[in-house]
């Protein structure tokens, strides 16, 4: 379970409390030098000071530099100085650790996630900071050790996003296909899910997805979409429910587990975010999958903090860089709008 907001405010309301927590997490057997591994270290407390900083308008302002708690290696030939945040995503961050920790608690506790606007209001930061913070935390919410799924696995795909058009059942140009695999729970553990964006031609990629994430010989449950036809010929025990014939359950054959996850994910997108870009969709899927898979974790807050501390930091330039997927969506939208104008008789 996640840590409550009251507990977070009480336990991590100051920089000192947050640093002590990171130190205990990084060095459970005592503080050691990050460079040489020596346990001969001395604590250094720097004085609070100010420094000049130039903003985007070219204006020079004095900013406060708070006192820092550092450690120095006393090993001859090393003398390396470091802190509990050195080498982590928190290093050189202008955001206080107390706000980082509260943001993690907010996202860990929110079943349908937290939008950047809500984070902005809750933390008292500007929108860009809240948006960047949200995505950096999502980047840390990844399950890298799930391995191949086995037992009984449900496989399904769905579409998210899209603009409403009364002439079409689905708005084709800006809907994104998403595939998912869910291993059903057993006495050994609860169900687990993996989800990821895929190309629009689901039939061409579905077999590859199953090969990458499901062990051979596994019982696979799908609906009767043509994308799954070849699975039974590729080494899996494939069973189908015919949704086209309004068959939803046949004994133990169904896809209701993965469909429930899609329902939760879509409610989160609509309720918390309203819409998300194709470029960042994989992080939202990671977040919802991670929270679902770790729902029985005794301390989800600590797990996310650990992932933030040991993982690679997501940089702002990488976050806002344009991708080929975004360009494809723009081109598809332009084609769609051109077709609509032509149908309406609008001049080109």
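At-a-glance table
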{"quantity": "Failed item, numbered, when residue 256 is tested on (1) in contact with a helix residue (DSSP H, G or I) (Cβ under 9 Å, 6 or more places away or on another chain); (2) farther than 18 Å from residue 106 by Cβ; (3) modelled with pLDDT of 85 or more", "calculated": "(1)"}
{"quantity": "Selection from the range 67-93 of residues that are in contact with a helix residue (DSSP H, G or I) (Cβ under 7 Å, 6 or more places away or on another chain) and either assigned by TED's automatic domain parsing to the domain that holds residue 280 or farther than 17 Å from residue 309 by Cα (or both)", "calculated": "69"}
{"quantity": "Count - residues of the range 15-47 that are in a loop (DSSP other than H, G, I, E, B) and within 30 Å of the chain's Cα centre (by Cα)", "calculated": "3"}
{"quantity": "Members of the range 1-10 that are without any contact (Cβ under 8 Å) to a residue 60 or more places away in the chain and either outside any helix (DSSP H, G or I) or surrounded by 15 or more Cβ atoms within 10 Å (Cβ to Cβ) (or both)", "calculated": "none"}
{"quantity": "Test: residue 66 is within 32 Å of the chain's Cα centre (by Cα) and within 30 Å of residue 298 (Cβ to Cβ)", "calculated": "no"}
{"quantity": "Residue in the range 48-67 that is part of a loop (DSSP other than H, G, I, E, B), surrounded by 15 or more Cβ atoms within 10 Å (Cβ to Cβ) and free of Cβ contacts under 8 Å to residues at least 60 places away in the same chain present", "calculated": "no"}
{"quantity": "Residues of the range 25-43 that turn out to be surrounded by 13 or more Cβ atoms within 10 Å (Cβ to Cβ) and under 13 Å from residue 76 (Cα atoms), as a count", "calculated": "7"}
{"quantity": "Considering residues of the range 230-252 that are under 12 Å from residue 153 (Cβ atoms) and not in a helix (DSSP H, G or I) only, the residue modelled with the lowest pLDDT", "calculated": "236"}
{"quantity": "Residues being touching a helix residue (DSSP H, G or I) at 6+ places or on another chain (Cβ under 8 Å) and modelled with pLDDT of 90 or more - total across the range 171-189", "calculated": "6"}
{"quantity": "Test: residue 86 is surrounded by 14 or more Cβ atoms within 10 Å (Cβ to Cβ) and part of a loop (DSSP other than H, G, I, E, B)", "calculated": "yes"}
{"quantity": "Residue list for the range 127-156, restricted to those being assigned to a loop (DSSP other than H, G, I, E, B) and in contact (Cβ under 8 Å) with a residue 24 or more places away in the chain", "calculated": "141, 142, 143, 146, 148, 150, 151"}
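Here is a yes/no grid of residues against (1) assigned to a helix (DSSP H, G or I); (2) in the same structural domain as residue 253 (by TED's automatic domain parsing); (3) touching a helix residue (DSSP H, G or I) at 6+ places or on another chain (Cβ under 9 Å):
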{"site": "95", "(1), (2), (3)": "no, no, yes"}
{"site": "102", "(1), (2), (3)": "yes, no, yes"}
{"site": "112", "(1), (2), (3)": "no, no, yes"}
{"site": "119", "(1), (2), (3)": "yes, no, yes"}
{"site": "125", "(1), (2), (3)": "no, no, yes"}
{"site": "158", "(1), (2), (3)": "no, yes, yes"}
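The values are calculated or read from the model by the stated rules, or taken from the named source; none is laboratory data. Model, not experiment: these values are computed from the prediction. As a convention, Cβ positions derive from the backbone with ideal geometry for all residues, glycine included, and neighbour counts pool all protein chains shown.
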